[in-house]
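**Q** Have a look at this one.
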Amino acid sequence: MADRLPPWNPEGAGLPSAPGQKAFSIGDLAREFGVTLRALRFYESKGLLKPQREGNLRLYSPADRENLAQILKGKQLGFTLSEIRSLIASDTPDCQYAPRLKLSREQCVEQIKLLERQKKEIEDAIAELRRTYTDLYTRTPGD
């Protein structure tokens, strides 16, 4: 089986793939969220996902599936895995399909500031590379 699978459809995230589905294989989650099998194993090794094991088979619960959606949302927002770990609420068993990244206003503001700084740094790097490219392109041979 290939390690890279089709991209995640965020509109479908947060709900079971089939009504009443209680367990998902590693391949099910990888396909649905567009992540590699290796990434899922990595999140498991970091304690972010806790599938049940039946021999070598990993069975992920709807709660694991929701945690994966939140991990990927946290990554999209630029948080580190250790920050994501603390943002994933573990004390809300009654709302297993509700969004569970617990962000404060201060965390939102700080993350926005960080991402804006990174965006500026990237824009500066792109501008520098464009200048360098233009300089190289406009040079005559032998300069």
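**Q** Based only on other Cβ atoms within 10 Å, what is the fewest-to-most ordering of Phe79, Phe24?
**A** With the sparsest Cβ surroundings first, the list reads Phe79, Phe24.
**Q** Moving to a separate point now. Would you list Tyr60, Tyr137 from fewest to most Cβ contacts within 10 Å?
**A** The most exposed by this proxy come first: Tyr137, Tyr60.
**Q** Using 31 Å as the Cα-Cα cut-off, could you pick out the over-long pairs in Lys46/Lys119; Lys50/Lys113; Lys50/Lys120; Lys73/Lys120?
**A** With Cα atoms farther than 31 Å apart: Lys50/Lys113; Lys50/Lys120.
**Q** Could you list Arg105, Arg31, Arg65 so that the one with the fewest beta carbons within 10 Å of its beta carbon is first and the one with the most is last?
**A** Arg105, Arg31, Arg65
**Q** Something else now. Can you give the local net charge around Ala125? Use residues other than it whose beta-carbon is closer than 14 angstrom to its beta-carbon, Lys and Arg +1, Asp and Glu -1.
**A** Its environment carries a net charge of +1.
**Q** What is the magnitude of the charge dipole of the stretch 104-143 about its Cα centre, with +1 placed on the Cβ of each Lys and Arg, -1 on the Cβ of each Asp and Glu, and no other charges, expressed in debye to the nearest 20?
**A** 100
Every number in this text was worked out from the coordinates using simple rules, so none of it is lab data. On a predicted model such as this, the values are computed, not experimentally measured, just so you know. Here the Cβ is made from the backbone with ideal geometry for all residues, glycine too, and neighbour counts use every protein chain on show.
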